[in-house]
Structures are given as C-alpha cells and as structure tokens.
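Here the structure comes first, spelled out in structure tokens, and everything after it is commentary.
The values are calculated or read from the model by the stated rules, or taken from the named source; none is laboratory data. On a predicted model such as this, the values are computed, not experimentally measured, just so you know. Reconstructed Cβ throughout: ideal geometry from the backbone, glycine too, with neighbour counts over all protein chains shown.
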Amino acid sequence: MIKIDNPATTIPLIGNKYAHILEYLGINTVKDLIYYFPVRFEDSSKVQNISSLNMNEKITFKAEIIKIKSLRLRGKRSIQKGILQDETGQVEAVWFNQPYLTNNLKENEWYLFRGKLNPRSYRPQISSPEYEKLKIEEADTKALDNSNVHLGRLTPIYPLTEGISSKWLRSRVKWAIDRIGKSLKITDPLPIEILKKYNLAGLLPSLKWIHFPESEEQIEKARKRLGFDEMLSIQLRLERNRRKRKAMKSFSIEIKNEIQEKLMNSVDFKPTKSQLTAISEINSDLAGSRPMNRLLQGDVGSGKTLVSVEAVLQTANSGLQSIILVPTSVLADQHYETFNKFLKYFGFSIALVTGNTKKNKPADIIIGTHAILHRKKEMIKNPGLVVIDEQHRFGVEQRRELLKDIDRLPLETNQRPGETRKTANTTTKRTQSQTPSSTTQYNPHLLTMTATPIPRSMALTLFGDMDISTMEDMPEGRTPTKTHLVPDEKREDSYAWIREKMKEGIKVFWITPLIEQSEKLETKSAVDTFELLSKTVFPEQKIRLLHGRIKETEKKNLLKDFMEGKFDILVSTSVIEVGIDIPGAEIIVIEGAERFGLAQLHQLRGRVGRRKNESWCFLFTSTGQETEEQTARLKYFAKENDGLKIAEYDLSRRGPGEVYGFRQSGVPNLKIAKLNDLELIKKTREAARLLIG
C-alpha cells in the first residue's frame, strides 16, 4: 500500500538525485506529483502512414524498425540511424548523441513515432522523432486504446526543469495514477449530495482524466471538479474565519452624530457620496457587539483617510484606543501630521511610534509601524480599533502576527462604571453594561485599507471573510492626470516641456526601476538617471536622489526638503510608491515603464494629481526592450485613469501572481480555478456553508 503523503522517492526511479530536482517543481510527496497538473495537451491520437509525412507539421505514425545502428563521430559525438517502414514506404530516422537507443529500439518490432520531414535532407528523413513501443496486439491494428503513455493519445505536457524530460516525468505520473483506487487510496472529501448538486465528477476519475484523458470532454469534467476543489478550499477557510469572528466579543462603540458633523465642518471640501456611505457602514459595524472586519478600498486620492479619521474619533470618544499600522516610517510621519490637523479640533491625544521614536506614553490614537508591537505593553491598554493602511505592503504572515499580538488583549481601563470621561471638547458617560470588566477578553474592531484596486472577484476570493466598502468616486474638482507614452525620439521635447513647467514652480518625481545599472536589464538606474539629469539635461535645477538603501532619517529629511521646495526634481526608485503626498509635485516621469506592472504604475501615478491642479505622467521605456504586449499595456494605461479597470485589464492578461504578488498579498497560487470566475466563487461559497453546517 502507498500513502498519499509518502515521499516522492516511494515511486520507482525517483531516487535522491531526482527527488532533489523535483523539489524545484514543488514536488515532494506522492500527492504533489499527482496534483502536478499538465499545462496543456498535445493531440497525437491521429495515427497516419509514413506516406503522410511532410515538412510543415508533426504527425504520428506506426512503423516497424527495419534497421538501427549507432555511428561514432569526432570526439565523443555520435549519430544514431534507423530505417522505419510501414505498408506505404520507408523513412530514415536520425538521432544525435543517444547511443542507448540501439538498446531501447529493437529491430523487427513496431513503435509509434512522431515527427516531420527534415527540409535539409535530400531523401526522406526525420530528425529526433519521439517514439513509444507498441503492444503486440496494437501493432496489428490501426485503432489504439489509449493505453500508450506518450503518443497516440491526448498527451499531457508538463512544466519542466533542468535534469528531467517530459517522457520521464510523464511516466512517473502514470505509475502513480494507475495505482489510484488500488494500492494508493484516495478518499473523495465531497459527499455525494454536493457532487450531484453541482454536477461534479468524482475525485478519482478526475485525477485520472486531468493527466491521461481519452477525450476533450474528460478534460473539461476534470478541470471543473478540480477547479471547484481549489476554490472550495479557499471558501471553507473564509467561512470558518467569518464564523470565528461572529463568535468573538467586541466593545460596542456609541456613535455620536455630532462627532461626524464637527469633523465634516472642519474640512475645506465637500465629502463624496462614497465617503459618507463608507462612514455609515463603518459606524454601523462599530456600534455592534461583534468585532468589525471591513476592507475599505479606494483609488489613490479617493479620501480614505477622512473615513478612517471619523472611525478613530468615534472610538476615542468612547474611551478606547485606536492603533493605526502603516508599512513605513515615512508614511507613519505623514499620517501623524494629517491626523493632527483633524484632531486639533477634538482634544484627543495622539502618539507616533516608529523605530526611531523614543518611548511614548499611552495615547487615544497611536500611529506607527510594526515597531508598535515592541511597545504594546507600555502603550496599548484598551484597544477598540485597529486600522491597517496599505495592507498589501505587509506580508501575509506579518499581518497575521500584527493582529495576533493586538487581538484579545484584556481590557485595562481606568474608567469605572458610571464614571464620566472628559476630554477637551466631549463628555461621555459609560454605564455598567457598556464597560467590560478588567478581566474581559475582547477583540478590537478591524478596518483594513488599500489603495490597490481589487476587482470584485479577487476581493471575494481574498477577503471573502470581510465586509467591503468601495470608494468609487473622487472629490469634486479633481483633474485626472494626463498620461503620455513617450517614444524615444520625443524625449528631448519632453525634457524641454518639463523645463518650462518647472519655471512655474512645479516639482517633478523621476522614477526608475533600479538603484544601479544591471547587466541583465538594459534600463536606466536611479544613480545613472541622477547623473544624467544633474550634469546634462537639467544642470540648472536642484536635484536629489532617493532609494531604499538610504537611511530612514535621511529619507525623511529629504522628503521634507522636497515638500518645502528646497529642490526641484526627486530621482527615486519605487520606494515613493505608497502614500507619499508632496504639494506642488504635479509631474511624474517613469523610466523603464515596461518593467512595472500596471497596478504599480497606477500607484506611482497617484503621487501627482492629488489636488485640483493639472498633473502629468510621462512613461519612458527602455529603448528597444519592450515587447508588443508591453507596449499595448502601456497604451491602455495611458488612456485609462480608473484604477479598477486597470487592475481588471492587468489581471486578465498577467494573472494574480504577477499583478499582486503571491507572497505579499496572499493571492492563492491556483492551478486550475480562475480568480475572476464569479459563478464558481458563488457556488463554492454556498457549498462551504453547506459543508460546515
């Protein structure tokens, strides 16, 4: 008996050497091999005659080997020649440096071959044809029964790595598949009711069909079932998370309308419909006794900060802390300044915590990086709300650790039941029923924010255990950034135009994909661009350089100087991608634009156009390096400002792993199921609820 979780070395011909190679493909166990699905199938099922061979396409034919020999050439090289024959004629087959073929291929025996005629040969010849031995009974008939592994069937094609061949890997998979249901026991986890309800094939036949199908129909049935399983595993996890969250307790925050009114009166713009809707949804969650778990997604500049400020104020007014986590200290500094502008009208205390700040006292609002966690005992006493900004910049495990350390902290409040809490501008009274005891364990509300546009199907898959608020409109008067894909011959004209704009006091971001020159990537680096702009293109302008290797304090000072207008052009890598807001910077130039994903380009473009002024984005490519597909993507980006449409376009062409990054966003690496298949998502969510009960 073979167990599904046995190491791959259980399978014959997989020793330590091959096991090490298979690790590169993610194959460590028997199950890994069985679930290593083909990327496509090659139809070699139509068996023809030697007389049908041609120079344009490969064909499969059945032939007898009349003669086979190996000839030595100079050095260690050799050539193998065979004469193949059927009732329609003969053809010469030639292989190179494969002397073992004289042992593998036997004279007077029948084989399947696949190849095409060599156009450089003066007589009928095929070079390096694929081959497979025929059973004796098949040698006498034109029909094949799909018992062959490599030819004469719908042949599975697998992704490979150096050191293994398609034929070797295919034969190892076949060995395992042939034992499913016999010496290799696999239990179908889905009950018959689910299979019938969603018209799904059984797991065992599906695993056989996905590798060695007898028809296109079997492939479709297998893909439907195995894709369902993939999406169902995600939906089961999300459903369990939803139910776990519902079982948790949280402090019910009393929502005060006057808090919202006072905040809205303090801003110099009219809140959008999306902002007001999001605030209403969040306040409804905060008022509940179960912890909020909401994703607030909105395009760059859509006003998410105002929404989060309102939630923080309501929380503080109830005597509870808000913890705002951001990925970088630069963004933490900016949030601290922004929140201070709003909070000065309310009198709540606020603290900034980064790796560079000294010890702080507990405050109503704590803004900082993950450095907060190192000071949680001294600072976090009664958390009511956790806000994670730019959540995709935290790794999946890092986000989990952040929440684990803050969630379920026992409430430590100095306020006794019935006691009145006074601040500079508000007075709140808690009753006995509102105030948890000092030993109560509870979970704070969670608000996750992202400016990375996530299509609905992706959001349902990645954040299906969360409620979602989407900011769809922009503040009034916001002018879309004009984006231009600049051909190389127009660079000088662009330089001249930018020079004139800088005379008007406009500042410029100049972005590159690399810090220093790469031998592999022929694109301008930040260092080279800084040298070029400083010495040749704009010698009269003040230019500074920013990249990830610069110390945090130096980075902060540099951005502060840029904000205060002490220099004109900031040459930078994509470290300025998220959250940085520089007044007066209305032009962004992106070198090697084809090296960036469209979602990242959209984030970069969001560094300008954040106010009512005109703004511009120039896309420069690495000369002659971009492909037609990259050019098409950049042209689409240049004409489209809607981040959601851009994300959907990018997702349909590149896949979630390339658009969002598996490691950072938690995007599952699906083999068959599609993350944009809304019908599949709907069915598996329903099935997950039925299975959990």
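Of the residues that sit in the range 312-333 and are more than 15 Å from residue 449 (Cα to Cα) and assigned to a helix (DSSP H, G or I), which one is farthest from the chain's Cα centre (by Cα)?
This residue is 317.
When you check residue 672 against the structure, is it modelled with pLDDT of 90 or more, farther than 30 Å from residue 493 by Cβ, under 19 Å from the mean Cα position of the chain (by Cα) and aliphatic (A, V, I, L, M), yes or no?
Details: modelled with pLDDT of 90 or more: yes; farther than 30 Å from residue 493 by Cβ: yes; under 19 Å from the mean Cα position of the chain (by Cα): yes; aliphatic (A, V, I, L, M): yes.
So residue 672 fits the description; yes.
Filter the range 41-81 down to the residues that are in a loop (DSSP other than H, G, I, E, B) and among the charged types (D, E, K, R) and list them by number.
46, 57, 58, 74, 76, 77
Can you name every residue in the range 472-514 that is touching a Cys at 6+ places or on another chain (Cβ under 6 Å) and either in a strand (DSSP E or B) or closer than 24 Å to residue 540 by Cα (or both)? Walk me through how you get there before you give the answer.
Applying the first criterion (touching a Cys at 6+ places or on another chain (Cβ under 6 Å)) to the range 472-514 yields 481, 483.
Result: 483, single match.
Scan the range 453-471 for residues that are out of contact with any strand residue (DSSP E or B) (no Cβ under 8 Å at 6 or more places or on another chain) and assigned to a loop (DSSP other than H, G, I, E, B) and jot them down.
Kept after step one, since they are out of contact with any strand residue (DSSP E or B) (no Cβ under 8 Å at 6 or more places or on another chain), are these residues of the range 453-471: 455-458, 460-462, 464.
455, 464 - these are the residues of the range 453-471 that are out of contact with any strand residue (DSSP E or B) (no Cβ under 8 Å at 6 or more places or on another chain) and assigned to a loop (DSSP other than H, G, I, E, B).
Can you tell me which residues in the range 550-597 are part of a helix (DSSP H, G or I), over 19 Å from residue 528 (Cα atoms) and touching a residue at least 60 places away in the same chain (Cβ under 8 Å)?
Correct list: 552, 553, 555, 556, 559.
Residues of the range 254-270 being part of a loop (DSSP other than H, G, I, E, B) and touching a Pro at 6+ places or on another chain (Cβ under 8 Å), which ones? Let's see the steps before the verdict.
Narrowing the range 254-270 to residues part of a loop (DSSP other than H, G, I, E, B): 254-256, 267-270.
Result: 269, 270.
Taking residue 284 as the residue in question, decide whether it is hydroxyl-bearing (Ser, Thr, Tyr) and crowded, with 16+ Cβ neighbours inside 10 Å. Walk me through it before giving the result.
Values: hydroxyl-bearing (Ser, Thr, Tyr): yes; crowded, with 16+ Cβ neighbours inside 10 Å: no.
Judged against the criteria, residue 284 is not a match.
As an exercise: evaluate residue 691 against (1) modelled with pLDDT of 85 or more; (2) not in a helix (DSSP H, G or I) and give the number of the one condition it does not meet.
Only one criterion is unmet by residue 691, namely (2).
Would you check which residues across the range 225-253 are touching a Phe, Trp or Tyr at 6+ places or on another chain (Cβ under 9 Å), part of a helix (DSSP H, G or I) and surrounded by fewer than 21 Cβ atoms within 10 Å (Cβ to Cβ) and list them?
238
Answer with yes or no whether residue 279 is buried (at least 17 other Cβ atoms within 10 Å of the Cβ), modelled with pLDDT of 95 or more and under 31 Å from the mean Cα position of the chain (by Cα). Steps first, answer last, please.
On the way: buried (at least 17 other Cβ atoms within 10 Å of the Cβ): yes; modelled with pLDDT of 95 or more: yes; under 31 Å from the mean Cα position of the chain (by Cα): yes.
Yes; evaluated as a whole, the condition is true for this residue.
Output the residue which, of all residues in the range 675-685 that are of a type outside the set (A, V, I, L, M, F, W, C) and under 16 Å from residue 237 (Cβ atoms), is modelled with the highest pLDDT.
As a first pass, look at the range 675-685 and keep what is of a type outside the set (A, V, I, L, M, F, W, C): 676-677, 679, 682-685.
Next cut, under 16 Å from residue 237 (Cβ atoms) only: 684-685.
Details: 684: 95, 685: 92.
Residue satisfying both the conditions and the ranking: 684.
Restricting the first residue to the range 336-356 and requiring it to be assigned by TED's automatic domain parsing to the domain that holds residue 303 and surrounded by fewer than 18 Cβ atoms within 10 Å (Cβ to Cβ), which pairs with a second residue that is hydroxyl-bearing (Ser, Thr, Tyr) and part of a loop (DSSP other than H, G, I, E, B) meet a Cβ separation below 6 Å and a spacing of at least six or different chains?
Qualifying pairs under 6 Å: 347/423.
Got at least one residue in the range 417-426 being buried (at least 17 other Cβ atoms within 10 Å of the Cβ) and modelled with pLDDT of 75 or more? Walk me through it before giving the result.
We begin by selecting, within the range 417-426, every residue buried (at least 17 other Cβ atoms within 10 Å of the Cβ); these are 426.
With the extra rule that they be modelled with pLDDT of 75 or more, the set shrinks to none.
No, because not a single residue in the range 417-426 is buried (at least 17 other Cβ atoms within 10 Å of the Cβ) and modelled with pLDDT of 75 or more.
Give the number of residues within the range 372-390 that are assigned to a loop (DSSP other than H, G, I, E, B) and either at positive phi or not basic (Lys, Arg) (or both).
Step one: filter the range 372-390 for residues assigned to a loop (DSSP other than H, G, I, E, B), giving 380-382, 389-390.
Those still in the list that are either at positive phi or not basic (Lys, Arg) (or both) too: 380, 382, 389-390.
The number of residues fulfilling the criteria is 4.
Which residues, taken from the range 566-600, are within 21 Å of residue 613 (Cα to Cα) and either modelled with pLDDT of 90 or more or in the same structural domain as residue 329 (by TED's automatic domain parsing) (or both)? Please lay out each step first, then the result.
Residues of the range 566-600 within 21 Å of residue 613 (Cα to Cα): 566-570, 576-590.
Of everything in the range 566-600, those that are within 21 Å of residue 613 (Cα to Cα) and either modelled with pLDDT of 90 or more or in the same structural domain as residue 329 (by TED's automatic domain parsing) (or both) turn out to be 566, 567, 568, 569, 570, 585, 586, 587, 588, 589, 590.
Which members of the range 82-129 meet the condition of being in a loop (DSSP other than H, G, I, E, B), among the basic types (Lys, Arg) and in contact (Cβ under 8 Å) with a residue 24 or more places away in the chain? Write out each step before concluding.
Filtering the range 82-129 for residues in a loop (DSSP other than H, G, I, E, B) gives 87-88, 97-100, 105-109, 116, 118-124, 128-129.
Still in the running and among the basic types (Lys, Arg): 106, 116, 120, 123.
The answer is 106, 116, 123.
Does the range 614-633 hold any residues that are surrounded by 15 or more Cβ atoms within 10 Å (Cβ to Cβ) and more than 19 Å from residue 648 (Cα to Cα), and which are they?
614, 615, 616, 617, 618, 619, 620, 621, 622, 626
Considering only residues that are surrounded by fewer than 17 Cβ atoms within 10 Å (Cβ to Cβ) and among the hydrophobic types (A, V, I, L, M, F, W, C), which ones fall in the range 487-501?
Within the range 487-501, 496, 497 meet the criteria.
Being touching a Phe, Trp or Tyr at 6+ places or on another chain (Cβ under 9 Å), modelled with pLDDT of 90 or more and buried (at least 21 other Cβ atoms within 10 Å of the Cβ): is that true of residue 323 here? Before you say what the answer is, go through the steps one by one.
Values: touching a Phe, Trp or Tyr at 6+ places or on another chain (Cβ under 9 Å): no; modelled with pLDDT of 90 or more: yes; buried (at least 21 other Cβ atoms within 10 Å of the Cβ): yes.
So residue 323 does not fit the description; no.
Take the residues of the range 526-542 that are of a type in the set (Asp, Glu) and part of a helix (DSSP H, G or I): which is surrounded by the most Cβ atoms within 10 Å (Cβ to Cβ)?
528
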